[in-house]
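Heads up: the structure comes next, in structure tokens.
What follows is calculated from the coordinates using simple rules that are stated; it is not laboratory data. These numbers were taken from a predicted model, which means no experiment stands behind them. With ideal geometry, Cβ positions are generated from the backbone for all residues, glycine too; neighbour counts draw on all protein chains shown.
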Amino acid sequence: MGKKYRITYDRSACIGAMACAEILPKRWKMTQDKEKADLVKGKQIDIEDDVWELVIDEGDYSEDLLAAEACPVFAIKIEEITD
């Protein structure tokens, strides 16, 4: 079984730069008003702070990392799950 990674997205920090959605549209979609990105298939883990999470497989890691690194406000974090 391959490694698993957790994407943690602080949606409240998003400034709508669209870098993530341009790099990886299967994972990131801009809202209709283009103000924030949505994490496709993500689960909201903190309603008050608007934090979302998604677990991905090792095969998706490289492209997801590119999208995270493109975020100018570092709203997207990816970490290996070691549980």
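Between Asp83 and Met18, what is the label-point separation in nm under the 7 Å Cα-to-beta-carbon projection?
Going from the Met18 label point to the Asp83 one covers 3.7 nm.
Using a Gaussian network model of the chain with C-alpha springs under 10 Å, which one of Ile47, Ile23, Ile15 is most mobile by mean-square fluctuation?
Checking each option, the largest mean-square fluctuation is seen for Ile47.
Which of the chymotrypsin sites (Phe, Trp or Tyr not before Pro) across the range 1-78 are loop residues per DSSP, with 14 or fewer other Cβ within 10 Å?
For chymotrypsin sites (Phe, Trp or Tyr not before Pro) across the range 1-78 that sit outside H, G, I, E and B with at most 14 neighbouring Cβ atoms in 10 Å, the list reads Phe74.
Just to check I understand the Karplus step: with θ = phi - 60° and J = 6.51 cos²θ - 1.76 cosθ + 1.60, what whole-Hz values come out for the range 39-54, glycine and proline as x?
7, 4, 6, x, 10, 6, 9, 9, 5, 4, 8, 6, 9, 10, 9, 8
Calculate for the chain the 222 nm mean residue ellipticity that helices alone would give, adding -39,500 (n - 2.57) per DSSP H run of length 4 or more and normalising by residue count, nearest 500 deg cm²/dmol.
Counting only the DSSP helices, I get -6000 deg cm²/dmol.
Count neighbours as other Cβ atoms within 10 Å of each site's Cβ, and list the GluC sites (Glu not before Pro) in the chain that are DSSP loop with at most 12 such neighbours.
Sites meeting the loop and neighbour criteria: Glu35, Glu48.
What angle, in degrees between 0 and 90 and rounded to the nearest 10, separates the Cα long axis of helix 58-70 from the longest principal axis of the Cα atoms of the chain?
In the chain, helix 58-70 runs at an angle near 30 degrees to the longest axis.
Assuming 0.36 nm per residue, please report the length gained on full extension of the stretch Asp38 to Asp60 beyond their Cα-Cα distance.
Gain in length upon complete extension: 6.2 nm.
Compute, for the chain, the length of the dipole vector about the Cα centre, with Cβ point charges of +1 (Lys, Arg) and -1 (Asp, Glu) only. Units Debye, rounded to 20.
Here the size comes out at about 260 debye.
Can you match P(r) over Cα pairs in 10 Å bins from 0, in percent to one of these, (1) 17, 49, 29, 5; (2) 19, 56, 22, 3, 0; (3) 17, 48, 25, 9, 1, based on a calculation from the structure here?
Evaluating P(r) over Cα pairs in 10 Å bins from 0, in percent on these atoms matches (2).
Excluding Leu24 itself, what net charge comes from residues whose Cβ is under 14 Å from its Cβ, given Lys and Arg +1 and Asp and Glu -1?
On the way: positive: Lys26, Arg27, Lys29, Lys41; negative: Glu22, Asp38, Asp60, Glu63, Asp64, Glu69.
Here the charged neighbours net out to -2.
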